[in-house]
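**Q** For reference, the structure I am asking about is given below.
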Amino acid sequence: MVDFTFWDYFAIALYFVGIYVVGFFRKKKSGASGIDDFLVAGRKATLPAFVATLVSTWYGGILGVGEYSYLYGLVNWFVWGVSYYVFAAIYAFTVAGKIRESKDYTITDRLYRKYGKAVGLTSAFVFLITTSPASYFLMIGTLLHIFMPQYSIAFWVIAGSSLSIIYVYKGGLSTVIKTDLIQFLLMFVGFGIIIPFCFFDYGGLEFISSNVPETHLTLTGTIATQSIIMWMLLAVNTFVDPGFYQRCLAVESPQKAKKGILISIGFWCIFDFMTTAAGLYAVAILPNLENPVFAYPLLANEVLPTFVKGLFFVGMLATIMSTIDSNSFLCSLVFGKDILSHLTKKETDLAQVEKFTKFGLLVTFVIGVTLALFFESIIDYWKTIGSLSISALLVPILLSFGKKQPSSNLTIVGIVFGFSAAFLANAFSWEVFGINEPIYYGLFASTLIFSKGIWDNFVVSKQ
């Protein structure tokens, strides 16, 4: 499928060596306890480190981005770019500083504080599902299968996932952030390389416009309006994302949490431009791909010379791995700290919490690999998981920042109803008045249950 030379493999091998050297070298933050260093990087992450880890972990689904931009064109930027910038900016101006001022270790800690143990545990089980790195395990396996197709994707899912999380066991979030600094640079180098080659070999906008469907150059493409709204609505997942919350806990100050998110939006704009442009070039140069998931790898094979091709694949590997290690750590933290430590009533024993979290990394690996081998479409996985997460947890998390919170019992009902409505709508393909996206049913159910709490906070804010 893709032709590699010794120098391409050399670039890839060099990347893995570099990541492991950095990943296994652990120096504790000055003034930070071991558990603080492991869970929240000692709350000492600098602004550049905060930006690098936030930007890089947001793009793990690079093969899915390639698939979507190949199939639909500019709509990729519109629904997965603009909407995320907007919600990230709202996050920065409204809650980022408040999060850093707290002493939490996870987003679930906030729910424990605001609603009690029952709500905390219920939400933790939802997070256990939604933080699973399964889709990224599938992507790393798919990409590595291209390097050595003589081994099965299942083999590479297991091997690639192992290679991506092994160093997390040693250093936790501190190690994740260190490796993200390298992966941030490499992902920009990778896509920064391929665009000039496409431009000088084939041409610019005129070449693209002459060789892609007209709908690929419109903001809505051929996608139904309710589906576009659904994808844009999934961007509100920013407020539900444990990774966003944890990064804000790890940065040096509330001011840097806000500033770092706004700077990150600028880098997301640049990277979105490059990935969307690469997708359009893939359509123009390779118009009849049987499987659009391979749009970026096959484009690289077509236009890049040896070693440079290897660097591009390193950029894709870095993009995926930066999200795998982050999500794997988050999922293990949910299992170890937010669930196991509370069930065993050892949540205040931070040394035990670290042990539980490390055990959770093994559980995360097993569950993630199992799920990865069952899902064929990365995009379908994102839509399903995002709909469940937002439907169950968006409203209670937002209300946790308000002046008045609903009762514990009502909150549990709201979480269960929101999750169940989205799950059932997806499982049984509900369609009422032409509406068939599960997230609408889930959010409607959740908003209905929490309507009094929403109204109470609205009234309080007006007083």
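The values are calculated or read from the model by the stated rules, or taken from the named source; none is laboratory data. The shown structure was predicted, so the numbers you read here are calculated from the model rather than taken from an experiment. When we count neighbours, we look across all protein chains shown, and the Cβ atoms used for this are built from the backbone with ideal geometry, even at glycine.
**Q** Anything in the stretch 230-260 that is of a type in the set (Gly, Ala, Ser) and assigned to a helix (DSSP H, G or I)? List them, or say none.
**A** Looking only at the stretch 230-260, we keep the residues that are of a type in the set (Gly, Ala, Ser), and these are 235, 243, 250, 253, 257, 260.
Result: 235, 243, 250, 257, 260.
**Q** Which ones in the stretch 333-383 are at pLDDT below 85 and among the polar types (S, T, N, Q)?
**A** Scanning the stretch 333-383 gives 348, 377.
**Q** Pick out the one residue from 71, 47 that is touching a residue at least 40 places away in the same chain (Cβ under 8 Å), out of contact with any Gly (no Cβ under 8 Å at 6 or more places or on another chain) and more than 27 Å from residue 338 (Cα to Cα).
**A** Values: 47 fails: out of contact with any Gly (no Cβ under 8 Å at 6 or more places or on another chain).
71 is the lone residue from the list that is touching a residue at least 40 places away in the same chain (Cβ under 8 Å), out of contact with any Gly (no Cβ under 8 Å at 6 or more places or on another chain) and more than 27 Å from residue 338 (Cα to Cα).
**Q** Which pairs have Cβ atoms under 7 Å, sit 6 or more apart or on different chains, and link a residue in the stretch 1-18 that is of a type in the set (A, V, I, L, M) to one that is assigned to a loop (DSSP other than H, G, I, E, B) and at pLDDT 90 or above?
**A** Listed by first residue and then by second, the contacts come to 11/307.
**Q** Let me ask something additional. Of 155, 137, 125, which residue is surrounded by fewer than 19 Cβ atoms within 10 Å (Cβ to Cβ) and touching a residue at least 40 places away in the same chain (Cβ under 8 Å)?
**A** Details: 155 fails: touching a residue at least 40 places away in the same chain (Cβ under 8 Å); 137 fails: surrounded by fewer than 19 Cβ atoms within 10 Å (Cβ to Cβ).
Sole residue among the options that is surrounded by fewer than 19 Cβ atoms within 10 Å (Cβ to Cβ) and touching a residue at least 40 places away in the same chain (Cβ under 8 Å): 125.
**Q** Taking the criterion of being part of a loop (DSSP other than H, G, I, E, B) and within 20 Å of residue 187 (Cα to Cα), would at least one residue in the stretch 283-290 satisfy it? Walk me through it before giving the result.
**A** Going through the stretch 283-290, the residues part of a loop (DSSP other than H, G, I, E, B) turn out to be 286-290.
Within this subset, residues satisfying the condition of being within 20 Å of residue 187 (Cα to Cα) are none.
No, there is no match, as no residue in the stretch 283-290 is part of a loop (DSSP other than H, G, I, E, B) and within 20 Å of residue 187 (Cα to Cα).
**Q** If you don't mind, another one. Only one of (1) touching an Asp or Glu at 6+ places or on another chain (Cβ under 9 Å); (2) of a type outside the set (Phe, Trp, Tyr); (3) more than 27 Å from residue 320 (Cα to Cα) fails for residue 214. Which number is that?
**A** Just one mismatch for residue 214, condition (1).
**Q** OK, next. Suppose we filter the stretch 411-426 for residues that are under 23 Å from the mean Cα position of the chain (by Cα) and among the aliphatic types (A, V, I, L, M); how many remain?
**A** The qualifying residues number 2.
**Q** Same structure again: Would you mind finding the one in 337, 309 that is surrounded by 24 or more Cβ atoms within 10 Å (Cβ to Cβ) and more than 30 Å from residue 124 (Cα to Cα)?
**A** Values: 337 fails: more than 30 Å from residue 124 (Cα to Cα).
After ruling out the rest, the residue left standing is 309.
**Q** Given the structure, is residue 305 under 26 Å from residue 11 (Cα atoms) and not in a helix (DSSP H, G or I)?
**A** Details: under 26 Å from residue 11 (Cα atoms): yes; not in a helix (DSSP H, G or I): yes.
For residue 305, the condition - under 26 Å from residue 11 (Cα atoms) and not in a helix (DSSP H, G or I) - is met.
**Q** Just the residues that are surrounded by fewer than 23 Cβ atoms within 10 Å (Cβ to Cβ), in contact with a strand residue (DSSP E or B) (Cβ under 9 Å, 6 or more places away or on another chain) and modelled with pLDDT of 90 or more, please, taken from the stretch 9-48.
**A** Across the stretch 9-48, the qualifying residues are 43, 44, 46, 47.
**Q** Being closer than 30 Å to residue 105 by Cβ, buried (at least 23 other Cβ atoms within 10 Å of the Cβ) and of a type in the set (Gly, Ala, Ser) narrows it down to one residue among 318, 295; which is it?
**A** Details: 295 fails: closer than 30 Å to residue 105 by Cβ.
From the options 318, 295, the qualifying one is 318.
**Q** Being part of a helix (DSSP H, G or I), of a type in the set (S, T, N, Q), under 21 Å from residue 78 (Cβ atoms) and in contact with an Asp or Glu (Cβ under 8 Å, 6 or more places away or on another chain): is that true of residue 227 here?
**A** Working: part of a helix (DSSP H, G or I): yes; of a type in the set (S, T, N, Q): yes; under 21 Å from residue 78 (Cβ atoms): yes; in contact with an Asp or Glu (Cβ under 8 Å, 6 or more places away or on another chain): yes.
So residue 227 passes the test.
**Q** Would a scan of the stretch 261-280 turn up a residue that is outside any helix (DSSP H, G or I) and either within 29 Å of residue 95 (Cα to Cα) or polar (S, T, N, Q) (or both)?
**A** Initially, the stretch 261-280 is screened for residues outside any helix (DSSP H, G or I), giving none.
So far as the stretch 261-280 goes, no, none of its residues is outside any helix (DSSP H, G or I) and either within 29 Å of residue 95 (Cα to Cα) or polar (S, T, N, Q) (or both).
**Q** Being of a type in the set (S, T, N, Q) and within 25 Å of the chain's Cα centre (by Cα) narrows it down to one of 408, 446, 429, 451, so name that one.
**A** Numbers: 408 fails: within 25 Å of the chain's Cα centre (by Cα); 429 fails: within 25 Å of the chain's Cα centre (by Cα); 451 fails: within 25 Å of the chain's Cα centre (by Cα).
Checking each option against the conditions leaves just 446.
**Q** I would also like to ask the following. Tally the residues that are more than 25 Å from residue 233 (Cα to Cα) and among the hydroxyl-bearing types (Ser, Thr, Tyr), restricting the search to the stretch 66-120.
**A** 4
**Q** Of these, 370, 348, which one is closer than 15 Å to residue 105 by Cα and surrounded by fewer than 18 Cβ atoms within 10 Å (Cβ to Cβ)? Can you show your working first?
**A** Details: 370 fails: closer than 15 Å to residue 105 by Cα.
Every option except 348 fails the conditions.
**Q** For residue 428, are the conditions met, namely being in contact with a helix residue (DSSP H, G or I) (Cβ under 9 Å, 6 or more places away or on another chain), farther than 30 Å from residue 98 by Cβ, without any contact (Cβ under 8 Å) to a residue 60 or more places away in the chain and surrounded by fewer than 22 Cβ atoms within 10 Å (Cβ to Cβ)? Before the answer, list the steps.
**A** Values: in contact with a helix residue (DSSP H, G or I) (Cβ under 9 Å, 6 or more places away or on another chain): no; farther than 30 Å from residue 98 by Cβ: yes; without any contact (Cβ under 8 Å) to a residue 60 or more places away in the chain: yes; surrounded by fewer than 22 Cβ atoms within 10 Å (Cβ to Cβ): yes.
No, not satisfied.
**Q** Inspect all residues belonging to the stretch 384-397 and state whether any of them is free of Cβ contacts under 8 Å to residues at least 12 places away in the same chain, in contact with a helix residue (DSSP H, G or I) (Cβ under 7 Å, 6 or more places away or on another chain) and either assigned to a loop (DSSP other than H, G, I, E, B) or over 30 Å from residue 139 (Cα atoms) (or both).
**A** To start, the set of residues in the stretch 384-397 that are free of Cβ contacts under 8 Å to residues at least 12 places away in the same chain comprises none.
There is no residue in the stretch 384-397 that is free of Cβ contacts under 8 Å to residues at least 12 places away in the same chain, in contact with a helix residue (DSSP H, G or I) (Cβ under 7 Å, 6 or more places away or on another chain) and either assigned to a loop (DSSP other than H, G, I, E, B) or over 30 Å from residue 139 (Cα atoms) (or both).
**Q** Something else: Name the residue, out of 99, 107, 62, that is over 30 Å from residue 314 (Cβ atoms), out of contact with any Gly (no Cβ under 8 Å at 6 or more places or on another chain), among the β-branched types (Val, Ile, Thr) and crowded, with 24+ Cβ neighbours inside 10 Å.
**A** Values: 99 fails: crowded, with 24+ Cβ neighbours inside 10 Å; 62 fails: over 30 Å from residue 314 (Cβ atoms).
Step by step, each of 99, 107, 62 is checked, and only 107 is over 30 Å from residue 314 (Cβ atoms), out of contact with any Gly (no Cβ under 8 Å at 6 or more places or on another chain), among the β-branched types (Val, Ile, Thr) and crowded, with 24+ Cβ neighbours inside 10 Å.
**Q** Mind telling me which of the residues 333, 340, 362, 311 ends up being closer than 26 Å to residue 178 by Cα and without any contact (Cβ under 8 Å) to a residue 60 or more places away in the chain? Don't jump to the end; show me each part of the working.
**A** Numbers: 333 fails: without any contact (Cβ under 8 Å) to a residue 60 or more places away in the chain; 340 fails: closer than 26 Å to residue 178 by Cα; 311 fails: without any contact (Cβ under 8 Å) to a residue 60 or more places away in the chain.
After applying the criteria, what remains is 362.
**Q** Has the stretch 252-261 got any residue that is under 25 Å from residue 186 (Cα atoms), buried (at least 23 other Cβ atoms within 10 Å of the Cβ) and aliphatic (A, V, I, L, M)?
**A** yes
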